[in-house]
Structure formats: structure tokens, C-alpha cells
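Notes for the one structure printed next.
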Amino acid sequence: MRRFSSIAFIGAIALVGCSSKAPASLESALKSDDASISYLETLHKRTPKSALADTATWNAISTQDNSLFVISYESLSPESKGQIAHNLKIAFAAYPDIGLQAETAKIWGMDTNAITNLRENKPTKIAERIDLTNVSYFGFKEWMEDFTTQANDLSIEKFSEILDENNEIKDLEAQLNTQIDIEKYDFNYGRITIDGLHWSGLAPAISAKADEDESTTKIWDAISGYARWSRAFNIDALLTKDTKGEFIMRQNVAGADDMTQDIDMKFDIPFVGLLGYNQGDTAFITYKDIDMQMTQDMKSDENGMDISMDQGGTTGLLTVRDFKVSNLFSHLANRELPPTSATNLLSLGKWHGEDMHSRMSGDTISVSESFDIDLTHFHWLIPTKMSFNAPDTTYDISSFLNIFSDMISSMAPQDMDAKEFDDMNTFFEGIDGVLGEHDLENLSFAGNFSYDWNPETGKFDLNLDYNFKELLGFDIEFNGFIGDFTSFETAYKTDENLRGDTFTKLLSEKVGLDHAHYSITDHGVGLDKIFGLVIDIAKLVPEDKAGQMAMLQNTDAPNLRLMASSMVRMGGMAGKEQFPQAVTWSNLAADFLQKGGEFKFAIDPDTTLNQKSVDEAKANGVEKPEDIINFIGVAVTHTAPAE
């Protein structure tokens, strides 16, 4: 068996473990999602222009010194004037029992100049293409088991340090003392193809600071190491086909009634692609036809508990654009957080998903047509803009309730009265029937969220709009100021003893409200369905346990709506002594309950509502409740439904 070392070859593969007409170039491929996906789909059809690595090239690689990694293979076989490596293994030199293995490996476009540059850790183009088949990890099962055990031991140690010996939770250590067995850790790729692999140079490791404790040192070792390697190379294109994985773990919690928990996670991703990876920044990532499944079984012989949960889902398409962490990694590689002056640090990308299905116990409980998330704007580590849009999601409420009912039944105490148990099951079965009667077995949802903060001025806008189709719609908006970045930074750097007062002063001076509103809209039949549902659920409760719900059992939806609106009107009459507007507002709310339409509560002050304007209003004699309400700019409206 041949053994040799390589700095860059493993770097590219390690990244994989972590992450119409096809366009003719990478630049044109990045212009749209469709073009990017088409480029990746035809990657294997693009014949490399360079020669396949020959025996001399493989031998030259094997002469490298001072490598962090070790590669071994069983044999070489000729193909197209080059050589294919068989049963390749790649591992850390310090941990030779942990790494990647591939059935076959091909490299195009690697020459002696690249090998020399790699040996000297100089920037270079490593290869035009690397192609691996039947790739898997080895040694990770044992590593994961050791890692989880060490993490559990560390948790016990830390809790022991902060808890008093006489703490009431006397068996806390026993509860934390979890025996963990990793029964399976399989992670396989059918094929990995890398085009345009370039070496940027691996930055030297930074030593731990003198004042670091052992746990902090371990954390920084992991973070800085990952950041250094992430910035060490670039990739033009990467494609993995038929990615599959399974993770099985068994936990035995000694101090929790000898409870056991078995977890089995599986996933299958036929297509994963990446374009334009540059030292941590990624121009485009895509996943197609994701299928994930997790089964959890929890048992306790002490109390007879036996709970099984089965959940998972599929995603037809997931894409991410403009994911940028290279600037952040440049600081983390040096074992330091970035200074607050480094404002252009990261972008978590624009995410787009299509055709998503969620499952529980084998039943589909939600279906989402698509979603879009924008997380591209940050100032230092703080997001300045975010948005989320999900235009069409349907929840199967009936299936979810049936699953919940089964789970509650499995958790019922062994000594539970038989009649009480039957009543509980009857109640849940009845709810399922009631949902069908009111056409609420499925709930369709559309939602939008946006957030915008100006770090220089402190201006802040937040909008949340969510609608349950053919039921109710809600709209929330806030506009104002929450403070600028420099002010918060200055307050944080204040002496620890004065920091609380400094933040209090900052909030009083910088936080203000220009506008806010909350509205609820009845889409024609929403309130009718809700009031009818409340009545029919109340009727499911046995008469001897109904109590105050007995009143609901003897009415109907129109009468209940009238009753609710009358109570709101009476509440307004009771509050008119404190402020006259109460009568008008309560009548508007009552009209909404009785007739539907839109009910809106808004605050629109003439000037920004903040500590300064409040103090000025008090000085000008604004003291009575009705005057305060006028000063704040409260407005309550009801818009009747269209005829």
C-alpha cells in the first residue's frame, strides 16, 4: 500500500463534508438560480482540458513533507494516459484513524509546480478537477462517542461548580450522568466532483492566550482551526451526488427513572452543488430533493412511559446565495472576536426553498409551496435588515391533533382511572370531528416579516403580516428609533459598575416611537367559524365537568357573538369615567366581533414619542387620561366588511 501526504487535497474534501442550455462559464452561471443549477447539472459532461494525473504525479505528491494529513491508497490503474487511485484514504496526521475514504480517485491538471507551491504553502492552482466515487467517513462513530461523553462530563463538572452542595436537586449529577452509545454513524457520497481547486495558503496557528482556561482553549482551537482551513482554498464548482447518512444513538439517563432514549436520524440528498467558494465566501449553494427522517423512542420502566416520535420531511429545492463569512473568519482564525470597527463582516445569504413537506408519525402535517429569507445585511455581528416571506403553507390540524392524542395516551400514568382515560380519548376524537364540521381540518397560512435598523441613526422599522386564508388576518407594524450602534457600543464599554445606569440613560434618550399599529381582519367567515368551534368543543366536555362552560353548551355561534360584543360594550361603559374614548373604542371592537371586517388599533403621535417628548408634555399640563391618549395619538377604527 502506498502512503503519502497532501495539504490541499484534504482541504477540498473536508469542505464537502461541511457544505435549458447550460451556461458556458462560471460567471454566466451565477447570474440566476436556474443558470447556476443548469451549470452544476452538466458539470460531469464537461471534459477537463488538462491531463489525468499519472504515476509520476502521484509519486511527486507522496514526497511532500510536514503535512497535516496522510493519504493512502491500495493501487493505481491506467486510464487515458493517466492513473486512477483505488481505495483512497485521507486522514489527519495527528488522528490517522479518522478521515475519508473513496473507492476511486481521479485528478486532472495537477503538475510539479503546484506540488512545489503546496509544499512551500504558496498560493497555487491545485487541480482543474478532482473526481471521487463512493466516498464515506471512517472512525467518526468512535470519535462522536468520545466527544459526546466528554461533553457530558464537562456539563457535570460545570454544574457541580455552580451548585451548592445542599441544593434541592440532589440527584442532578445522576440526571446528567448519561451513558451514550453511538451505534451507527454513516455518511456517504455516491460521487464528489470538484472543479477549479486553488490553494490560498494556510495561515499559521495562533497559540492560546496566557489567561485562557482549558475549556476556552479547546473552543478556540476548534473555531480558529476551522476558520484557518476555510480560508485556505477556493473552489470554482463542487457537486456531490447521492449523499446519504444515518446516525443512531442510545442514551441511558441513570438519574431519571432509568430512562432510555433512542435516536435514529436518516437523510438522503441526491444533489448538492456549490459555485464560487472563496476563502469562506460562497456565491451559490443548492440542495435538491432532500429527505430527512428522525425517530425518537423514550422509555422508562419506573413509570411505564413509552413514547415514540417519528418526524421528518422533504424539500424539493433549497438554494442559498451570497453566503459570506471570510472577513469574519479572518478574525476568528487569530483566536479573536472582530473589533466593532469591522462592520463589513458577514452575510448569511438569501435563502429560497420550494415544495416542502413535514411529516409526523408517517402523516404529512404541513406543506409549503415556497419561502424566501434575506439575511445579507449586517453591521458588525448585528443584522440590520431581515425579511421572510412564506406565501402558501397548509397545516393539517386534524392529523396533528391525532398524533398529539396518541402521544398523550402513551404518556398517561399507569394508575390513571380507566373512565378518565376513555373520556380523554373521546374528547380528542370529538375535536377532530368538530374541526371537520367547521372546515378547519386544514389551515392555510401566508406570512411576511421584515426588519430594518439603521446603525448610524438608530431608525427602526418592523412589519409582520400573517393571514390564515378564509379565516383571519393580522398585521403588526412598529416605526421609530431603538438607538444607534455607536451609542450602544459606548454604553457597553462603560465601567461595569456604571453600565446599568448608562444603558438606562441610553434607552431614555435614543428609543422612540413614531408609529405602531395592530389590526385584525375577518375574511368573511373567520369569526363565525371560531365562535362555532368554541361552542362545539365546549359540548364535548361531560356535563358533570362542564362548570362555566355549560353556558356555551346551550347557545349557538350568532348568540355567542352577540353576547361577546355586548360584554365588550358594557366594559367600555364601565371605563368611561377614566377616559371618555373608552365607549367609542369598545363599540368599535364590539362591532367587529358582531359584524366582522377590520379592527385596527394605532398609535400616531404628532412628534416622536420618547422620554423627552413625554417630559415636555407633562410640563405642559398633559395629565388627564384623555389628554394623554390624545398626546400619544391613539386611534381605533373599525371598517365594516364589504356588502
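Results for (1) within 26 Å of Asn327 (Cβ to Cβ); (2) out of contact with any Cys (no Cβ under 7 Å at 6 or more places or on another chain); (3) open to solvent by less than 70 Å² (accessible area, probe 1.4 Å), shown as yes or no for each residue.
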{"position": "Ala203", "(1), (2), (3)": "yes, yes, yes"}
{"position": "Asp213", "(1), (2), (3)": "no, yes, no"}
{"position": "Asp221", "(1), (2), (3)": "yes, yes, no"}
{"position": "Arg231", "(1), (2), (3)": "yes, yes, yes"}
{"position": "Thr243", "(1), (2), (3)": "no, yes, yes"}
{"position": "Met265", "(1), (2), (3)": "no, yes, no"}
All but one of (1) open to solvent by 70 Å² or more (accessible area, probe 1.4 Å); (2) more than 24 Å from the chain's Cα centre (by Cα) hold for Ala208; which doesn't?
(1)
For the stretch 403-439: of the residues being among the polar types (S, T, N, Q) and farther than 14 Å from Leu540 by Cβ, which is modelled with the lowest pLDDT?
Gln414
Is there any pair linking a residue in the stretch 478-499 that is open to solvent by 30 Å² or more (accessible area, probe 1.4 Å) to one that is among the aromatic types (Phe, Trp, Tyr), with Cβ under 8 Å and at least six apart or on different chains, and which?
Phe478/Phe460; Phe481/Phe460; Ile482/Trp453; Ile482/Phe460; Arg499/Tyr492
Tell me, please, whether a residue that is open to solvent by 40 Å² or more (accessible area, probe 1.4 Å), farther than 23 Å from Thr319 by Cα and at pLDDT below 80 can be found in the stretch 374-391.
no
Please find, within the stretch 608-643, the residue that is farthest from Gln594 (Cα to Cα) out of those that are of a type in the set (Gly, Ala, Ser) and open to solvent by 80 Å² or more (accessible area, probe 1.4 Å).
Ala619
Name the pairs whose Cβ atoms lie under 8 Å apart, with the first residue in the stretch 435-448 and under 9 Å from Leu471 (Cβ atoms) and part of a loop (DSSP other than H, G, I, E, B), the second of a type in the set (Val, Ile, Thr) and open to solvent by 30 Å² or more (accessible area, probe 1.4 Å), and 6 or more positions between them or separate chains?
Leu440/Ile397
Taking only the stretch 529-559 into account, find how many residues are of a type outside the set (Lys, Arg), part of a helix (DSSP H, G or I) and open to solvent by less than 70 Å² (accessible area, probe 1.4 Å).
15
Take Phe592 and decide whether it is surrounded by 15 or more Cβ atoms within 10 Å (Cβ to Cβ) and in a loop (DSSP other than H, G, I, E, B).
no
Selection from the stretch 33-63 of residues that are crowded, with 19+ Cβ neighbours inside 10 Å and at pLDDT below 90:
Thr57, Trp58, Ala60, Ile61
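The values are calculated or read from the model by the stated rules, or taken from the named source; none is laboratory data. Because the structure is a prediction, the values reported are computed rather than measured. With ideal geometry, Cβ positions are generated from the backbone for all residues, glycine too; neighbour counts draw on all protein chains shown. Only protein heavy atoms, including side chains, enter the accessible area calculation; ligands, DNA and RNA are left aside. Shrake-Rupley method; radii C 1.70, N 1.55, O 1.52, S 1.80 Å.
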